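Asker: I am attaching a structure below and will ask some questions about it afterwards.
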Amino acid sequence: MAKKQLVLFFLAFIFLQSSWAYFFMSQKFAEVREECLSENSMTMDELHEGWKMENLPESHLCFLKCLLEKREVIDENGVPQKEKIDEILTVKQLSDEKREEISTCITNVEKIENCETMSEIMRCFPKKRRD
């Protein structure tokens, strides 16, 4: 059942552009995901339910911040790392123009200071993420 929930989670998740899927589905991610769930006192069921909401709850933004910090997509000062972002955004489904648009949008976020600031990164992705 946990694998099914994980698959549903990833299908609903904004970062499920193929490269983001690879990034999040790696073995290292599974370990980090569990750490971030624990640190944010969340279950997979709660995580999955939150993706259906129009606006992500703060707990989900904190979960995402934790993931990006632990995967070093944002550094210890909260600054998005362009090279890590570009590495993750290498997908065939994204045009070069769309890839650059997302990358630029994320790197224009100067600093992720707290969980709420994660919503700025979320705006860089298409709204259809939870459809």
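The values are calculated or read from the model by the stated rules, or taken from the named source; none is laboratory data. Being a predicted model, the structure only gives us computed values, none of them experimental. For neighbour counting, all protein chains shown are included, and Cβ atoms are generated from backbone atoms with ideal geometry for every residue, glycine included.
Asker: For a quick check of your reading of the model, give me the residue pairs whose first member lies in the stretch 68-89 and is free of Cβ contacts under 8 Å to residues at least 24 places away in the same chain, whose second is part of a helix (DSSP H, G or I) and among the hydroxyl-bearing types (Ser, Thr, Tyr), with beta-carbon atoms closer than 7 Å and at least 6 apart or on different chains.
Answerer: Every condition considered, the pairs that remain are Ile85/Ser103; Ile85/Thr107; Asp86/Ser103.
Asker: Oh, and also: Please go through the stretch 34-51 and pick out each residue that is under 20 Å from Glu69 (Cα atoms) and either aliphatic (A, V, I, L, M) or part of a helix (DSSP H, G or I) (or both).
Answerer: Glu34, Glu35, Cys36, Leu37, Ser38, Glu39, Met42, Met44, Leu47
Asker: If you go through the stretch 80-115 one residue at a time, how many are under 21 Å from Arg33 (Cα atoms) and touching an Asp or Glu at 6+ places or on another chain (Cβ under 7 Å)?
Answerer: Number satisfying all stated conditions: 3.
Asker: Here are some residues: Lys98, Lys84. Which one is under 14 Å from Phe125 (Cα atoms) and in a helix (DSSP H, G or I)?
Answerer: Of Lys98, Lys84, the one residue that is under 14 Å from Phe125 (Cα atoms) and in a helix (DSSP H, G or I) is Lys98.
Asker: Within the stretch 21-40, can you find the residues that are surrounded by fewer than 19 Cβ atoms within 10 Å (Cβ to Cβ) and either modelled with pLDDT under 85 or in contact with a strand residue (DSSP E or B) (Cβ under 6 Å, 6 or more places away or on another chain) (or both)?
Answerer: Hits for the stretch 21-40 are Ala21, Tyr22, Met25, Ser26, Gln27, Lys28, Phe29, Ala30.
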